[in-house]
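Trainee: Sharing a structure below in structure tokens format, with a few things to ask.
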Amino acid sequence: MTQSGLNPKMHVLSTQDIDDTTVLNVVGNLCKVLNITLPQAADAFGDYWVNEYAPKIYASFMRRATNAKEMLLAMDNVHETVTKSVPNARPPRFDYIWENDNTLVMVYKSHRGLIDFLVGLVKGVGRYYNENLRVMKIADDRVKIYFE
Ligand code: HEM
């Protein structure tokens, strides 16, 4: 936060609109300070977000799904509905392609290009439901997920 010219004690409300450049600048500086790659930072973020933050803030959404498949398949609709009343929100949208019963490709439709964060979040969903998912980025807009 300091490297990015921000107050480390700054509080952000979930309804507040922070511009993407500011956030990505913090992420970039975090990678430099901790000497980690962007995918490593995105994995840590995804794990924290799904397993610590979301159960407190979005408990009703987490309870609605009983496994990782249900949770991931609900995400297109959840992002569309949850951001309807948020000014300036441009939520990611998802298409789902089943390659077979256990292999899903999530197509990520967003102008932000945060595919590494999608990978981290999907891994976090796997851990939340205690499932061994294999998650691979196969293109800048595609993540392949193997369910056991
Ligand atoms: C409780 C469930 C969830 C809720 C309520 C939720 C809500 C949101 C909201 C409000 C945003 C900000 C959108 C904006 O400012 O334009 C966002 C961003 C995002 N969400 Fe979720 N989310 C949830 C779970 C997930 C999960 C499980 C994934 C991945 C599988 C995911 C993937 C993303 C990504 C990649 C973004 C970044 C925005 C972008 O790339 O355009 N979310 N989400």
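Trainee: How many residues does segment 1-21 hold that are within 30 Å of MET136 (Cβ to Cβ) and away from the ligand (no atom under 12 Å from the Cβ)?
Mentor: Of the residues in that region, 1 qualify.
To keep it simple, each residue is scored yes or no on (1) of a type in the set (Ser, Thr, Tyr); (2) more than 10 Å from the ligand (Cβ to nearest atom); (3) part of a helix (DSSP H, G or I); (4) open to solvent by 90 Å² or more (accessible area, probe 1.4 Å).
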{"position": "VAL26", "(1), (2), (3), (4)": "no, yes, yes, no"}
{"position": "VAL33", "(1), (2), (3), (4)": "no, yes, yes, yes"}
{"position": "ASN51", "(1), (2), (3), (4)": "no, yes, yes, no"}
{"position": "SER60", "(1), (2), (3), (4)": "yes, no, yes, no"}
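Trainee: Tell me yes or no: at least one residue of segment 87-101 is at positive phi, within 10 Å of the ligand (Cβ to nearest atom) and open to solvent by 80 Å² or more (accessible area, probe 1.4 Å).
Mentor: Yes.
Trainee: Can you name the residue in segment 127-148 that is in contact (Cβ under 8 Å) with a residue 24 or more places away in the chain and in contact with a Gly (Cβ under 8 Å, 6 or more places away or on another chain) and, of all such residues, is surrounded by the most Cβ atoms within 10 Å (Cβ to Cβ)?
Mentor: So the residue we want is LEU133.
Trainee: Please go through segment 69-86 and give me each residue that is within 9 Å of the ligand (Cβ to nearest atom), assigned to a helix (DSSP H, G or I) and touching a residue at least 40 places away in the same chain (Cβ under 8 Å), ordered by number.
Mentor: MET71, LEU72, listed by residue number.
The values are calculated or read from the model by the stated rules, or taken from the named source; none is laboratory data. Here the structure is a predicted model, which means the values were calculated and not measured. Neighbour counts run over all protein chains shown; Cβ positions are idealised from the backbone, glycine included. Please note that ligands, DNA and RNA were not included when accessible areas were found on the heavy atoms of the full protein model with its side chains. Shrake-Rupley method; radii C 1.70, N 1.55, O 1.52, S 1.80 Å.
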